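Undergrad: Structure below; questions to follow.
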Amino acid sequence: IRSFANLRGTDPGFRADRVLGLHFAVDRATHGSTDPEVWRYLVRLIDRVQSTPGVQSAAVVNRLPMAGQTQTQQIEFEGRGINVNTDARSASPAYFRTLGIPLLAGRAFRDDDTADRPPVGILDDRVARQVFGNESPLGKRFRETSGSPWVEIVGVVGHIRHEGLDRDLRPQVYWPYAQRTQDRVAMVVKTAGDPAGMTPAIRAAIREVDSNQPLYDVYPMSEFIARTLLAQRLNLVLMGSFAGLALLLASLG
């Protein structure tokens, strides 16, 4: 019981309260075959959701933390001779603010970090310390080990737990969604009140942009976190049941 309570008290590195998470896939046959066309569609969705009464901010990312999905990339850093296995995410400018992920140095992504501009990226503080120590990583460059173009580091954010409260496997690197667009999308929506109660209004806002856009896994972010504790919760119930049965048998004896 004490171990489970401690696990529930673990800080995931982001703020899940009053945040709704949802998933969808972009149909390129409908919204355009090129990445800039897909990004323009996502901007329309974000803008429409943000204009909904009761919504404070909205953003997209290719995979939500705690949602059971990972995307790893080997990153090399210019002039450092070191490769790091990271958990990679494409994120829109308001992602860090919407989830309450602290910006520790530099800047967040901007609307003008588009595909026609020089590539930029953001590191979490764990990989920044691992590679650069006490030196500022801002202005330094990294790239995928496959030999893709160099990316300038423009910011450092706090490390978060992507896999679950009981697992903390890799540091994170973030790309602007406009520069690394993906078809499978997750949206996070910060609300003024109960996020579950905002679900119908947010669904309606998305249908105004595309009435045929299907959504799935629409839950408050607190429920995504709770899902990662199901196995531990089951163990707790089983152990408690057996302990109660043992106490009953001992009392009868």
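The values are calculated or read from the model by the stated rules, or taken from the named source; none is laboratory data. All of these numbers come straight from a predicted model, not from anything done at the bench. Here Cβ is always computed from backbone atoms with ideal geometry, including for glycine, and neighbour counts include all displayed protein chains. Just the protein is used for accessible areas: all its heavy atoms, side chains included, with ligands, DNA and RNA removed. Shrake-Rupley method; radii C 1.70, N 1.55, O 1.52, S 1.80 Å.
Undergrad: Taking into account only those residues within the stretch 144-177 that are open to solvent by less than 10 Å² (accessible area, probe 1.4 Å) and small (Gly, Ala, Ser), which is nearest to THR114 (Cα to Cα)?
TA: It comes out as GLY155.
Undergrad: Do the conditions hold for SER51, that is, is it polar (S, T, N, Q) and either free of Cβ contacts under 8 Å to residues at least 60 places away in the same chain or surrounded by fewer than 20 Cβ atoms within 10 Å (Cβ to Cβ) (or both)?
TA: Against the criterion (polar (S, T, N, Q) and either free of Cβ contacts under 8 Å to residues at least 60 places away in the same chain or surrounded by fewer than 20 Cβ atoms within 10 Å (Cβ to Cβ) (or both)), SER51 qualifies.
Undergrad: Name the residue, out of LEU138, LEU123, that is of a type in the set (A, V, I, L, M) and open to solvent by less than 10 Å² (accessible area, probe 1.4 Å). Outline the logic, then answer.
TA: Details: LEU138 fails: open to solvent by less than 10 Å² (accessible area, probe 1.4 Å).
When all the criteria are applied, what remains is LEU123.
Undergrad: Condition check: in a strand (DSSP E or B), touching a residue at least 24 places away in the same chain (Cβ under 8 Å), within 17 Å of ASN62 (Cα to Cα) and open to solvent by less than 60 Å² (accessible area, probe 1.4 Å). Does ALA186 satisfy that? Walk me through how you get there before you give the answer.
TA: On the way: in a strand (DSSP E or B): yes; touching a residue at least 24 places away in the same chain (Cβ under 8 Å): yes; within 17 Å of ASN62 (Cα to Cα): yes; open to solvent by less than 60 Å² (accessible area, probe 1.4 Å): yes.
Yes.
Undergrad: Within the stretch 147-155, can one find any residue that is more than 20 Å from VAL61 (Cα to Cα), in a helix (DSSP H, G or I) and in contact with a strand residue (DSSP E or B) (Cβ under 6 Å, 6 or more places away or on another chain)?
TA: No: the stretch 147-155 contains no residue that is more than 20 Å from VAL61 (Cα to Cα), in a helix (DSSP H, G or I) and in contact with a strand residue (DSSP E or B) (Cβ under 6 Å, 6 or more places away or on another chain).
Undergrad: So, in the stretch 64-88, of the ones that are in contact with a His (Cβ under 8 Å, 6 or more places away or on another chain) and not hydroxyl-bearing (Ser, Thr, Tyr), which residue ends up modelled with the lowest pLDDT? Before you say what the answer is, go through the steps one by one.
TA: Taking the stretch 64-88 first, the residues in contact with a His (Cβ under 8 Å, 6 or more places away or on another chain) are 64-67, 70, 87.
Then keep just the ones that are not hydroxyl-bearing (Ser, Thr, Tyr); that gives 64-67, 87.
Working: LEU64: 90, PRO65: 89, MET66: 80, ALA67: 75, ASP87: 92.
Within the stretch 64-88, the match that is modelled with the lowest pLDDT is ALA67.
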